[in-house]
Amino acid sequence: MTSKGVTTSEFFPEIGKINYEGPDTDHVFAFRYYDEHRMVGNKTMKDHLRFAIAYWHSFCNTGSDPFGAGTREFPWDKYSDPMDNAKYKLEGAFEFFTKIGAPYYCFHDRDIAPEGNSVAQSEKNLQEIVAMAKEYQKTTGVKLLWGTANLFSHPRYMNGASTNPDFQVVCHAGAQVKAALEATVELGGENYVFWGGREGYASLINTNMKRELNHMGQFLRMARDYGRKIGFKGVYLIEPKPAEPSKHQYDFDSATVIGFLRDQGLADDFKLNVEQNHAILAGHTFAHDLQAAADAGMLGSIDANMGDVQNGWDTDYFPSDLYDCIHAMMIVLQQGGLAPGGLNFDAKVRRTSSDAEDMFIAHILGMDTFARGLLIAQNIIENSNFLQMKENRYSSFDSGEGAAFENGSLTMEDLKNLAEKNGEPKKTSGKIELYEMLINNYIR
Ligand SMILES: [Mn+2]
């Protein structure tokens, strides 16, 4: 890392490039399943999975929580000038991307460059770091999966960003999204994400929900149009989440966001960035929110992490649940892939994981879990009768009166007459245990 760097020494000198060594290796710092060049179906693993590293958790989050200070020290945090800190952090980030072998990264504006004391200074800070990031992208080949704006940390956004009842706050949100869109375009970002952490309410008693939702729609249409005007050809994504930090968030879950996008005339430009932890906070499974998005033609990208079923927090663990990843990859494979989206590790190591190497171990765990999930999912789809079994459950709609029902040519009177004519239906088993057995039999 010396091209445009501010230092020539490595930030993680004790760890080299992580390579594929196969399932039998004894090495901790090696992939057992993620072999980027391996063909799975008609694509390489790298092209299926499109892994991205999240700047915020990996390079900004020291592990502090509401009860205690951070437990990890980043080498760049010794620079007290925030721009020096940002430059060294960028260098450390690209060293990490390169060593772990992830083709993409993702950031919020404020992760990569500090907020200034004016709109102009904030923009200048961002532009300076973006120029450096562009050079690093060129020398390393690492690309930007998506950019976004942090519209939740600054106290001005405590009552919302685009949904704030004060128009002056909405203007600041606009200034920030405008600059973040410019940064994303400058870096060739393939998507742009909106996560509305403060877009919601603390109490409905002081909130005009209808007006706030319309403001959010208006804001997103303006952002879409500005992005297109400056040459953004990628996909806009909304990331559903039901709560935290707001009591109620407007982007509650996949189904809610799909309805909102259609209502606001945004369905042609926007898709969803579905996160495992957010799906389970909404009372669903990961697969449920993925399937709901995919069925609407709106599964754009995935925040790959894992919640904790014993608590109601957004823990953002690294994904280690193989079943979850198999189900996810079956849905992704059936829709023909995620591109131009990808699998972004919106995940953080536990507060108790305080060694620098833990970040490498956690990403190896997450990448291997998804790689293994991909291999098993592909095998089930290609070599088992799983999909056929599912399809067969609906075969009574494939011809005759069932097909007539599906295409809308029957009436309620017809249904009554057919019920009378055909008598009591034969009981048909749902066979859920058989489906579960089949998936387990493919975990080899
Ligand atoms: Mn989360």
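The values are calculated or read from the model by the stated rules, or taken from the named source; none is laboratory data. Being a predicted model, the structure only gives us computed values, none of them experimental. Cβ placement follows ideal geometry from the backbone for every residue including glycine, while neighbour counts extend to all protein chains displayed.
Looking across segment 401-421, the residues that are assigned to a helix (DSSP H, G or I) and either surrounded by 10 or more Cβ atoms within 10 Å (Cβ to Cβ) or in contact (Cβ under 8 Å) with a residue 60 or more places away in the chain (or both) come down to E401, G402, A403, A404, F405, E406, D414, L415, K416, N417, L418, A419. Only one of the numbered conditions (1) charged (D, E, K, R); (2) free of Cβ contacts under 8 Å to residues at least 60 places away in the same chain; (3) out of contact with any strand residue (DSSP E or B) (no Cβ under 6 Å at 6 or more places or on another chain) is not met by K143, and that is (3). Filtered by the rule that a residue be within 25 Å of G341 (Cβ to Cβ) and among the β-branched types (V, I, T), segment 302-319 gives I302, T315. Within segment 255-282, being without any contact (Cβ under 8 Å) to a residue 40 or more places away in the chain, more than 14 Å from the ligand (Cβ to nearest atom) and among the small types (G, A, S) holds for A255, G259, A267.
Can you name every residue in segment 125-150 that is surrounded by fewer than 21 Cβ atoms within 10 Å (Cβ to Cβ) and in a strand (DSSP E or B)? Answer for segment 125-150, where residues must be surrounded by fewer than 21 Cβ atoms within 10 Å (Cβ to Cβ) and in a strand (DSSP E or B): just K143.
None of D316, D308, D303 is assigned by TED's automatic domain parsing to the domain that holds E239, over 18 Å from A377 (Cα atoms) and without any contact (Cβ under 8 Å) to a residue 12 or more places away in the chain except D308.
Residues in segment 48-57: is at least one surrounded by fewer than 16 Cβ atoms within 10 Å (Cβ to Cβ) and either more than 23 Å from the chain's Cα centre (by Cα) or of a type outside the set (G, A, S) (or both)? No: segment 48-57 contains no residue that is surrounded by fewer than 16 Cβ atoms within 10 Å (Cβ to Cβ) and either more than 23 Å from the chain's Cα centre (by Cα) or of a type outside the set (G, A, S) (or both).
How many residues are assigned to a helix (DSSP H, G or I) and more than 16 Å from the ligand (Cβ to nearest atom) when one looks only at segment 283-299? Here the count works out to 7.
Could you grab me the full set of residues in segment 160-170 that are surrounded by 17 or more Cβ atoms within 10 Å (Cβ to Cβ) and assigned to a loop (DSSP other than H, G, I, E, B)? Step through it out loud before you land on a result.
Kept after step one, since they are surrounded by 17 or more Cβ atoms within 10 Å (Cβ to Cβ), are these residues of segment 160-170: 160-164, 169-170.
Matches in segment 160-170: G160, A161, S162, T163, N164.
Considering only segment 300-311, state which residues are out of contact with any Asp or Glu (no Cβ under 6 Å at 6 or more places or on another chain) and either within 15 Å of the ligand (Cβ to nearest atom) or assigned to a helix (DSSP H, G or I) (or both). Passing the criteria: S301, I302, A304, G307, D308, V309, N311.
Test F107 against the stated conditions and say whether it is on the phi < 0 side of the Ramachandran plot, surrounded by 15 or more Cβ atoms within 10 Å (Cβ to Cβ) and not in a helix (DSSP H, G or I).
It is true that F107 is on the phi < 0 side of the Ramachandran plot, surrounded by 15 or more Cβ atoms within 10 Å (Cβ to Cβ) and not in a helix (DSSP H, G or I).
Could you run through segment 312-326 and say how many residues are of a type in the set (A, V, I, L, M, F, W, C), assigned to a loop (DSSP other than H, G, I, E, B) and away from the ligand (no atom under 15 Å from the Cβ)? It would help to see each step written out before you state the result.
Residues of segment 312-326 that are of a type in the set (A, V, I, L, M, F, W, C), as a first pass: 313, 318, 322, 325-326.
Restricting the remaining residues to those that are assigned to a loop (DSSP other than H, G, I, E, B) gives 313, 318.
Right, trim to away from the ligand (no atom under 15 Å from the Cβ) and you get none.
Counting residues in segment 312-326 that are of a type in the set (A, V, I, L, M, F, W, C), assigned to a loop (DSSP other than H, G, I, E, B) and away from the ligand (no atom under 15 Å from the Cβ) gives 0.
If you go through segment 199-217 and pick out every residue that is within 24 Å of the chain's Cα centre (by Cα) and more than 16 Å from the ligand (Cβ to nearest atom), you end up with 4.
Considering segment 373-410 alone, what residues qualify as being closer than 17 Å to N42 by Cα and out of contact with any strand residue (DSSP E or B) (no Cβ under 8 Å at 6 or more places or on another chain)? Passing the criteria: G373, I376, A377, N379, I380, I381, E382, N383. Scanning for something touching a Phe, Trp or Tyr at 6+ places or on another chain (Cβ under 8 Å) and either at pLDDT 95 or above or part of a helix (DSSP H, G or I) (or both), does segment 112-123 turn up at least one residue? Checked segment 112-123: at least one residue is touching a Phe, Trp or Tyr at 6+ places or on another chain (Cβ under 8 Å) and either at pLDDT 95 or above or part of a helix (DSSP H, G or I) (or both).
For segment 338-360, check the following and say yes or no: at least one residue is within 16 Å of the ligand (Cβ to nearest atom), aliphatic (A, V, I, L, M) and assigned to a helix (DSSP H, G or I).
Start the filter on segment 338-360 by keeping residues that are within 16 Å of the ligand (Cβ to nearest atom), which leaves 343-351.
Narrowing the set further to residues that are aliphatic (A, V, I, L, M) leaves 343, 347, 349.
This time we only want the ones that are assigned to a helix (DSSP H, G or I), so: none.
No, segment 338-360 contains no residue that is within 16 Å of the ligand (Cβ to nearest atom), aliphatic (A, V, I, L, M) and assigned to a helix (DSSP H, G or I).
The set of residues in segment 224-254 that are away from the ligand (no atom under 16 Å from the Cβ), surrounded by fewer than 16 Cβ atoms within 10 Å (Cβ to Cβ) and not hydroxyl-bearing (S, T, Y) comprises D225, R228, K229, I230, G231, K233, K247, H248.
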